[in-house]
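Novice: Okay, handing you the structure first.
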């Protein structure tokens, strides 16, 4: 069956519709279609100046239509593939847009049509899913998968820089007893408080992960055995201080072990 519509980049409509249109009325029809489109549509000349913009473009770019037409588009034009870009309006509002370009010719003049679709919510969802796959829900620390991903990267980096790093293994002592005596809510609080202490003790550049119910792993970058010993002592002191001053029904205690790694020796 023959398709009634063209698949080329030339605009095509049902023959009976186009046949009943004068040039002026067809231009008006095209304009009406663009004006009711929810995607931002911008027509550019070869100098990158905006020749036409629809109301959706005005809303996305945060400028009145009168200010857009004749002004530079301001974004790179690449017709070979779609691209994502962050748009910041004059008011400071931001959105992420997917932008596609098409080359057209109108009255013998080469033009470029840019279509921009707001994908801000999609990007947020994509980032949330990425975080969910790498971050522990209860503590906000990296999970086992996140640790594995980042550790692989840091081992390669340490090998190139010929730096050592230290792995510390931290267990919460008596978590089962806390759960049995005070309930699982208290057990969750013990895990969360341990995670918070570890955030305070270790540097933001270090990798801190919860890899099991009461098990944590820390990757201390550019560290050695001496600095590992200091970190262990500081961690124990901070946990002990919390237990002495806390008003919770339970106290915290931890066991810590460490190993120094030299990736460049492998």
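Coordinate-derived values only; no laboratory data. Since the structure is predicted, the reported quantities are computational estimates derived from the model, not experimental observations. With ideal geometry, Cβ positions are generated from the backbone for all residues, glycine too; neighbour counts draw on all protein chains shown.
Novice: Kirkwood Rh, Cα Rg: Rg to Rh for segment 135-265?
Specialist: Using Cα coordinates only, the ratio equals 1.00.
Novice: Taking Cα atoms, how many degrees apart are the long axis of helix 120-134 and the longest axis of the chain, rounded to 10 and kept between 0 and 90?
Specialist: Orientation of helix 120-134: about 20 degrees from the principal axis.
Novice: If you don't mind, another one. Choose one answer from 39, 171, 67: the residue with the largest mean-square fluctuation in a GNM of the chain with alpha-carbon springs under 10 Å.
Specialist: Among 39, 171, 67, the largest mean-square fluctuation in the Gaussian network model of the chain belongs to 67.
Novice: Follow-up question, since we're still on this one. Quick one: 65, 252, 132, fewest Cβ neighbours within 10 Å first, how do they rank?
Specialist: 132, 65, 252
Novice: Could you give the angle, 0 to 90 degrees to the nearest 10, between helix 184-201's Cα long axis and the longest principal axis of the Cα atoms of the chain?
Specialist: 80 degrees
Novice: What angle, in degrees between 0 and 90 and rounded to the nearest 10, separates the Cα long axis of helix 23-35 from the longest principal axis of the Cα atoms of the chain?
Specialist: The angle comes out near 20 degrees.
Novice: Measuring from centroid to centroid over Cα atoms, what is the spacing of segment 60-121 and segment 155-207 in Å?
Specialist: Rounded to whole Å, the Cα centres lie 46 Å apart.
Novice: Given contacts defined as C-alpha pairs under 8 Å and at least six residues apart, what's the relative contact order of the chain, whole-number percent?
Specialist: 15 percent
Novice: Report Rg/Rh for the chain, rounded to two decimals, where Rg is the Cα radius of gyration and Rh the Kirkwood radius.
Specialist: 1.24
Novice: So what are the radius of gyration and Dmax for the Cα set of segment 15-123, in Å?
Specialist: Rg and Dmax of segment 15-123, Cα atoms, are 14.7, 47 Å.
Novice: Same structure again: Quickly estimate the mean residue ellipticity at 222 nm for the chain, helices only: each DSSP H run with n ≥ 4 gives -39500 (n - 2.57), and the total goes over all residues, rounded to 500.
Specialist: Rounded to the nearest 500, it is -13000 deg cm²/dmol.
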